[in-house]
Amino acid sequence: MATLLLLRHGRTTANADGGLAGRQPVDLDETGQAQATAVGERLRALPLAAVVSSPLVRCRRTLELALPQASPVPDDGLIECGYGTWEGQPLKKLAKEPLWPVVQQHPSAAVFPEGESMAQMAARAVATVRAWDARVTAEHGPEAVWLACSHGDVIKAIVADALGVHLDLFQRIVVDPASVTAIRYTPLRPFLLRLNDVGGDLAGLVPPQRKRRRRASRPTDSDAAVGGGAGGAR
């Protein structure tokens, strides 16, 4: 199967101020812009078969700076969790809410007021990247590499699924701004290749081209199509 690169957007003004942006149209701050430019230097050498993005401005801005030649496809399946009335509020204030320990310790049961549940977010995010991965593999082959730009909680949920761990453990996963996480799905299981990678060469994530085996000569009518011969065992 293809190789998926999950890119978190660069740091935003909300990240810097300690607020919960949610789906609000917050942009990158100066640090976030520098992060996006820096990760672009690492990504541009990769032959990306597709670039998909959350439709929110911080992801689109990250890709504009990182991969200016790309034409990202927006997909609502990668959008930030719907935090409802929590959006725009300081994290210090939210930490005093009764729901806060549930979000931290039992996120699979967390439902945000007038918003989305963590479980719903995880399900639609995983379904989105798996569908895109199958599509990229079908169109470009198993050696293809593609990128999805999204948000911290969304990427953590996708990683938890790839590791086969319960969503209640996803708060143990760290995904920093402008970090790269790599997953390769296979028919048997996903493989986590990189997690929260904020530096270094990414070229090793491109699978080597498979050598094409030469076709064996077609057996003649008198050849028996039984018993382990190179021509018969197909």
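Applying the set (1) assigned to a loop (DSSP other than H, G, I, E, B); (2) open to solvent by 60 Å² or more (accessible area, probe 1.4 Å); (3) modelled with pLDDT of 95 or more to Ala178 leaves exactly one unmet item: (2). Only residues in the stretch 186-201 that are basic (Lys, Arg) count as the first member; pair them with residues that are in a strand (DSSP E or B), Cβ under 8 angstrom, at least 6 apart or cross-chain, and list the lot. Sorted first by the residue in the stretch 186-201, then by its partner, the pairs are Arg194/Val180; Arg194/Thr181; Arg194/Ala182. Determine whether Val73 is free of Cβ contacts under 8 Å to residues at least 24 places away in the same chain and either among the aromatic types (Phe, Trp, Tyr) or open to solvent by less than 70 Å² (accessible area, probe 1.4 Å) (or both). It is true that Val73 is free of Cβ contacts under 8 Å to residues at least 24 places away in the same chain and either among the aromatic types (Phe, Trp, Tyr) or open to solvent by less than 70 Å² (accessible area, probe 1.4 Å) (or both). Within the stretch 107-154, the only residue that satisfies the criterion of being part of a strand (DSSP E or B), in contact with a helix residue (DSSP H, G or I) (Cβ under 6 Å, 6 or more places away or on another chain) and either open to solvent by 20 Å² or more (accessible area, probe 1.4 Å) or more than 18 Å from Glu80 (Cα to Cα) (or both) is Trp146. Considering only residues that are open to solvent by less than 50 Å² (accessible area, probe 1.4 Å) and closer than 23 Å to Ala125 by Cα, which ones fall in the stretch 20-38? Within the stretch 20-38, Leu20, Ala21, Gly22, Val26, Leu28, Ala36 qualify. Applying a threshold of 9 Å to beta carbon distances and a minimum spacing of six or more residues, or different chains, the list of pairs starting in the stretch 25-50 at a residue that is more than 18 Å from Ser71 (Cα to Cα) and ending at one that is among the basic types (Lys, Arg) and open to solvent by less than 40 Å² (accessible area, probe 1.4 Å) reads Pro25/Arg58; Val26/Arg58; Asp27/Arg58; Leu28/Arg58; Gly32/Arg58. Filtering the stretch 79-106 to residues that are touching a Gly at 6+ places or on another chain (Cβ under 8 Å) and either in contact (Cβ under 8 Å) with a residue 60 or more places away in the chain or open to solvent by less than 50 Å² (accessible area, probe 1.4 Å) (or both) leaves Glu80, Cys81, Gly82, Tyr83, Gly84, Trp86, Glu87, Gly88, Gln89, Pro90, Leu91, Lys92. Candidates in the stretch 1-13 are the residues that are open to solvent by 10 Å² or more (accessible area, probe 1.4 Å) and in contact (Cβ under 8 Å) with a residue 40 or more places away in the chain; of these, the one that is nearest to Asp29 (Cα to Cα) is Arg11. When the stretch 58-85 is filtered for residues that are under 24 Å from the mean Cα position of the chain (by Cα) and under 14 Å from Ala21 (Cα atoms), the ones remaining, listed by number, are Arg58, Cys59, Ile79, Glu80, Cys81, Gly82, Tyr83, Gly84. The set of residues in the stretch 63-73 being farther than 23 Å from Arg130 by Cβ and of a type in the set (S, T, N, Q) consists of Gln69 alone.
In the stretch 44-70, the residue that is nearest to Ser150 (Cα to Cα) out of those that are basic (Lys, Arg) and open to solvent by 60 Å² or more (accessible area, probe 1.4 Å) is Arg60. Of the numbered criteria (1) touching an Asp or Glu at 6+ places or on another chain (Cβ under 9 Å); (2) assigned to a helix (DSSP H, G or I), the one Gly77 fails is (1). Take Val129 and decide whether it is within 11 Å of Leu6 (Cα to Cα) and among the β-branched types (Val, Ile, Thr). Yes. So, in the stretch 36-57, of the ones that are part of a helix (DSSP H, G or I) and touching a Leu at 6+ places or on another chain (Cβ under 8 Å), which residue ends up farthest from Val129 (Cα to Cα)? Per the criteria, the residue is Thr37.
The values are calculated or read from the model by the stated rules, or taken from the named source; none is laboratory data. No experiment lies behind these values; they were computed from the predicted model shown. No Cβ is skipped: glycine too gets one built from the backbone with ideal geometry, and neighbour counts run over all protein chains shown. Protein only, heavy atoms only, side chains kept; ligands, DNA and RNA dropped before computing areas. Shrake-Rupley method; radii C 1.70, N 1.55, O 1.52, S 1.80 Å.
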